[in-house]
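All remarks here apply to the structure that follows.
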Amino acid sequence: MRLPDVSPVDPGWLEAAWARQDQLTKPPRALAYLEELGVRLAATRRSLRPELGAGAVVVCAADHGVAAEGVSAYPAEVTGQMVLNFLRGGAAVNQIAQAAGAEVYVLDVGVRAELPAHERLIAARVRPGSGNLRLEPAMTRAQAEQAVEAGMQAARRALREGATLLAAGDMGIGNTTAAAALTAAFLGLEAAAVTGRGTGVDDARYRHKVRVVGEALERAARSLGDLARADPLAVLAELGGLEVAAIAGVFLAGAEAGVPLVTDGFPVTAGALAAVRLCPAVRGYLFAGHRSAEPGHALQLRALGLRPVLELDLRLGEGTGAVLSFPVLRAAARVLAGMATFAEAGVGQTAAAEQG
């Protein structure tokens, strides 16, 4: 698989953006984290006056063989049912996207259900669900590559159709189990450190879920050795979900295009981790839309060096938290692009500093 050619974010743009930020008509750092977001957006867009228009979220969907282990509070059939709900516009992500000025695309890389043709459905099914990662590889290496490529093609479509801000979402019953296994593998952590309750399982099912993740890690380590040092594509094939691999592809193609990329919750950020392992330069284009209630999500964000835009204790997925952060990111860009400098406004910097 040929990886995209991603140009690292130039530190020179960060320096120039901070210099402009410090000349705007406000006390220094008065807008706190919003200023840092604006500076990073300027660097990704290579412009001191960044403009963010339409947004898009690619909701990557697939079923998981590990759902047969009883790791979710919902049956596997819900994956296909929710995809239909996305296409009808009835899901949370549809409503939030409408409020946030974003288009919703749905990418089928492994849903078992038959799905109707739809203008917002991108049909790229690699196989009807992944293998049971507790017992076997989730997919072959070739299938992992195919899923990553499907995510890249979906992102490119969204960009062709006008997206200037790109997020990924997820749908797949059992995918927090895959995300926990991938996160533990990539970060060299124990199963218990990264495994959460996902859809809200009870105590007994949660303990079982931790065991399933631990056994999956042991099985994969027998094949790959030290998982934290193994080929990331091989780790994806052993422990990932088809939609998590596709999410990695969304971020790879988005970074190649130089657009800001927004992560969502635990499964989506597992895909972001995979993308950064495959191509480290992707890291500079990532923004964390929010931090979820899943314990492993904070560990993912720490490893990526990302601070969340929002803290709302969300745990729905679908891309909801990512899209919800779009207006804040647009505001951060507008502050840097549109505010007058002290010189332009005829305001003294000393007076502004005293005001602060």
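The values are calculated or read from the model by the stated rules, or taken from the named source; none is laboratory data. Small disclaimer: the values here were computed from a predicted structure and weren't measured. Note: ideal-geometry Cβ built from the backbone for every residue, glycine included; neighbour counts use all protein chains shown. SASA here: full protein model, heavy atoms, side chains in, ligands and nucleic acids out. Shrake-Rupley method; radii C 1.70, N 1.55, O 1.52, S 1.80 Å.
Data for the structure
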quantity: FRET efficiency, Ala234 to Ala16 (Cβ-Cβ, R0 35 Å, nearest 0.05); calculated: 0.30
quantity: Dipole magnitude of the chain about its Cα centre (Cβ charges: Lys, Arg +1; Asp, Glu -1), debye to nearest 20; calculated: 180 debye
quantity: Magnitude of the charge dipole, segment 182-340, Cβ model with Lys/Arg +1 and Asp/Glu -1, debye to 20; calculated: 260 debye
quantity: 0 to 90° range, to nearest 10: angle between helix 141-160 axis and the chain longest Cα axis; calculated: 30 degrees
quantity: Carbon and sulfur %, accessible surface of the chain computed with the full protein complex present, 1.4 Å; calculated: 51 percent
quantity: Solvent-accessible area per residue for the chain (1.4 angstrom probe, square angstrom); calculated: 38 Å²
quantity: Whole-Hz couplings from phi, Karplus 6.51/-1.76/1.60, listed for segment 83-96; x for Gly and Pro; calculated: 4, 4, 5, 4, 5, 7, x, x, 9, 4, 5, 5, 5, 5
quantity: Built amide H within the under 5 Å cut-off of Glu103, gap 5+; calculated: Gly55, Ala56, Val57
quantity: Length gained when the stretch Glu311-Ser7 is fully extended (0.36 nm per residue, less Cα-Cα span); calculated: 106.4 nm
quantity: Phi to ³J(HN,Hα) by Karplus 6.51 cos²θ - 1.76 cosθ + 1.60 over segment 277-292, Hz, x for Gly, Pro; calculated: 5, 6, 8, x, 5, 4, 3, x, 9, 8, 10, 8, x, 6, 10, 8
quantity: With Cα atoms, 0 to 90° folded angle of helix 203-224 axis to the chain main axis; calculated: 90 degrees
quantity: Alpha-carbon centroids, segment 290-328 and segment 117-175: separation in whole Å; calculated: 20 Å
quantity: Qualifying GluC sites (Glu not before Pro) in segment 251-320, DSSP loop, other Cβ atoms within 10 Å at most 12; calculated: Glu311
quantity: Theoretical gain in end-to-end length, Gln81 to Gln153 [0.36 nm per residue, Cα-Cα removed]; calculated: 23.5 nm
quantity: Rough spin-label spacing in nm, given labels placed 7 Å along Cα→Cβ, for Glu114 and Glu190; calculated: 4.8 nm
quantity: Top of Thr164, Thr269, Thr176 by mean-square fluctuation, Gaussian network on the chain, Cα under 10 Å; calculated: Thr164
quantity: Phi-based couplings in Hz for segment 320-336 (Karplus 6.51, -1.76, 1.60; Gly and Pro marked x); calculated: 4, x, 4, 5, 4, 7, 4, x, 5, 5, 4, 5, 4, 5, 5, 4, 5
quantity: Dipole of segment 270-336, positive direction: furthest Cα of Tyr285, Ala275, Pro308, with charges on the beta-carbon; calculated: Tyr285
quantity: Where trypsin sites (Lys or Arg not before Pro) fall in DSSP loop in segment 212-320, at most 16 other Cβ within 10 Å; calculated: Arg229
quantity: Inter-probe distance in nm under a simple model that places probes 7 Å from Cα toward Cβ, at Ala340 and Arg49; calculated: 1.5 nm
quantity: The chain: angle of helix 175-187 to the longest principal axis, Cα-based, in degrees nearest 10; calculated: 70 degrees
quantity: Arg141-Arg207 pseudo-label distance in nm [points 7 Å out on the Cα-to-Cβ vector]; calculated: 4.0 nm
quantity: Structure-derived Cα Rg over 2.2 N^0.38 Å: which label, when the choices are (i) 1.19; (ii) 0.93; (iii) 1.00; calculated: (iii)
